[in-house]
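Encoded as structure tokens, the structure appears first; notes follow it.
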Amino acid sequence: MNTATKTLLALLASSMVSSAFSEQSEEMLKVKKSTFVNLVDLLVQRGVINKEEGSGLVTAAQQEAAAEDKRSNAVAITEQNLTDQAVASDTGKNGGKIKHVSYVPEFVKKEIRDQVRAELKGEVVTDVKKDAKSEGWGIPGALPEWVAAINPSFDVRIRFADEFYGKGNESGFGVGPYDWLAINKNGRGLQSFSNSNPNEAYLNNQKDRLRLRERLRLGFEAKIADGLKAGIRLATSNINNPVSNDQTLGNTGQSYQLAIDRAFLQYDYVDNKGNDWFSLYGGRILNPFVSTDVVFDPDLSFEGVAGSFRYHFNQDDPKLRNYHVPNPTARFGVNQGQQSPDSVFMTLGVFPIQDVNFSVNDKWLYGAQLGADWLVFNESRFNIATSYYEYKNINARKNPIASNSNDWTAPQFVQKGNSMVAITDANTLNGYCDANPDGSAANTDVGCLFGLASEFKIFNATAMFDYAGFESAHVLVTADYAKNLGFNRQRILSEFGNSYASTDLQERTNAYQARIDIGDPEIKRFGNWSVNLAYRYVERDAVLDAFTDSVFHQGGTDAKGWVLGTQYGLAKNTWLNLRWFSTDAIDGPKYSVDTLNVDLNARF
């Protein structure tokens, strides 16, 4: 509240109190004082002024009222003397008594009222709108209760994706890059592709490609009870691809695939002071971990149960009460987690990956994370988290002789990069991999069914510092490091011998990324902007290639390079996201690709 407003209120109060002293009864004086005090209390409750300012206003008003009363009395005495002299000759008309009234002219009162009203109008309107929204003013009572309990959301993205491959890229039998999903589906091995249609066995790294793609998501969240909500989100999907909701345009005459991307229950325990102590999730849920797209792609949903537990501190600090928590995934590829500032937290999760028929060896992901999140100063925020992700039963197991009992260890989905070994080869003597299609003997080092060579037990450390010292522009610095502790070269060689594909089977288990974002933390309206620059280095067995970023190096691991991006608000909830990727393979044959993504986004 500025000085002018305080002065106007004090002047108004002094006029009220002084006039009460001059012309009102004792009872009316109390009413005047009580009215002003109630007015100040209301302003304090509404947050227009704080408690100290309110006490100052009352004190100032009383002092000014006393001074005004003293002045009025002096004037009254002077006027009385003049009047007594003027009417000395007329002693019978008024009994020798004249009553004087101290007052504030109407034009002064009106000016004070207008100025105070102008000062308070904006804040009062804001409070009224906030109350109307939270309390549902204007919603007819005849509407069912569930209408107000449902919160819909919608977003759509149109992507222009252009891929430019290096002229010296290598590809072919014994070189790759292999399409392991196509090879496993074929079931006849690499040799069968080389004799028939070799291009089907390899991923494209030779011919530039331009695609138009679309992602649409429609979600609903419903409040069931205090703290408990249910949600569902439908999305365009490739069905068998967990890290992409994109639908490539060019299917004229066919319908898009629409799948349930999320379906969950969530319980949040919040105390009467507004502190959220823990959240529990179950079903197909959002990513509950502080992380980046080095480990988990932004489109990846988790299936299972998870809980995030928090211990809060500094909750009475005014800077914390006034802090607006931004959307944790507003910056593409960075997940700041579902946390609250000035807290330490622990997140635990158990997620089934694949239910295996006729086996007790289902595939699982276990995740644990410890971290801290606090406001260092003003709105500058620091997040740090250490995580451990262990995948159970995800690595390949070689089939026994004349048996297919370990076929289930072949992955449902891979991108590229992870070391692969043959689950089934000619040495297993199981029939379909014992000979080439032309009847000749099969090569013993060529497999028919492939799986992941390494186990994956990933240690991950993530740190984010959001500096808010430049008015609306923020500077977010992110550092991420991952290490696969599950790689065991001796175990792989003892079980599979030379039955591994296109790698030297050396330990390549480190990944890291450094990134900086400058601009608005969220793109909500016209003129909001942000730019970002990142360098990423991901060795082939550092993380699970199936779940990492699906755009960097066209998905997967064994990649290094730069990412440059910019975002700009075109209108309310409408923005452009432009990103340029320049990447190369770390090991093996030459594989370079530059990618341009231009995304037009809209949401409500």
Residue count for the stretch 419-467, restricted to those that are at pLDDT 90 or above, of a type in the set (Gly, Ala, Ser), in contact with a helix residue (DSSP H, G or I) (Cβ under 9 Å, 6 or more places away or on another chain) and surrounded by fewer than 22 Cβ atoms within 10 Å (Cβ to Cβ): 0
Residue match in the stretch 469-480 (condition: surrounded by fewer than 20 Cβ atoms within 10 Å (Cβ to Cβ), among the charged types (D, E, K, R) and more than 18 Å from the chain's Cα centre (by Cα)): yes
Residues of the stretch 252-293 that turn out to be within 16 Å of the chain's Cα centre (by Cα) and either within 25 Å of Asp541 (Cβ to Cβ) or in contact (Cβ under 8 Å) with a residue 60 or more places away in the chain (or both), as a count: 7
Pair list, Cβ under 6 Å, 6 or more apart: the stretch 223-248 residue among the acidic types (Asp, Glu), other residue crowded, with 17+ Cβ neighbours inside 10 Å and not in a loop (DSSP other than H, G, I, E, B): Asp246/Arg213; Asp246/Arg215
The stretch 210-239: number of residues that are loosely packed, with under 14 Cβ neighbours inside 10 Å and within 28 Å of Glu170 (Cβ to Cβ): 2
Residue within the stretch 327-343 that is over 15 Å from Ser291 (Cα atoms) and hydrophobic (A, V, I, L, M, F, W, C) present: no
Residue, surrounded by the most Cβ atoms within 10 Å (Cβ to Cβ), within the stretch 388-409, restricted to residues that are charged (D, E, K, R) and over 35 Å from the mean Cα position of the chain (by Cα): Lys398
Residues located in the stretch 347-377, provided they are touching a Pro at 6+ places or on another chain (Cβ under 7 Å), among the aromatic types (Phe, Trp, Tyr) and more than 19 Å from Ala410 (Cα to Cα): Trp374
Hits in the stretch 300-344 - residues which are under 19 Å from the mean Cα position of the chain (by Cα) and basic (Lys, Arg): Arg310, Arg331
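Pull up the stretch 354-387, narrow it to residues that are under 24 Å from the mean Cα position of the chain (by Cα) and within 25 Å of Val421 (Cβ to Cβ), then point me to the one that is surrounded by the most Cβ atoms within 10 Å (Cβ to Cβ).
Across the stretch 354-387, the extreme among qualifying residues is Leu365.
The values are calculated or read from the model by the stated rules, or taken from the named source; none is laboratory data. Computed from a prediction, not measured in an experiment: that's the story for all the values here. Neighbour counts run over all protein chains shown; Cβ positions are idealised from the backbone, glycine included.
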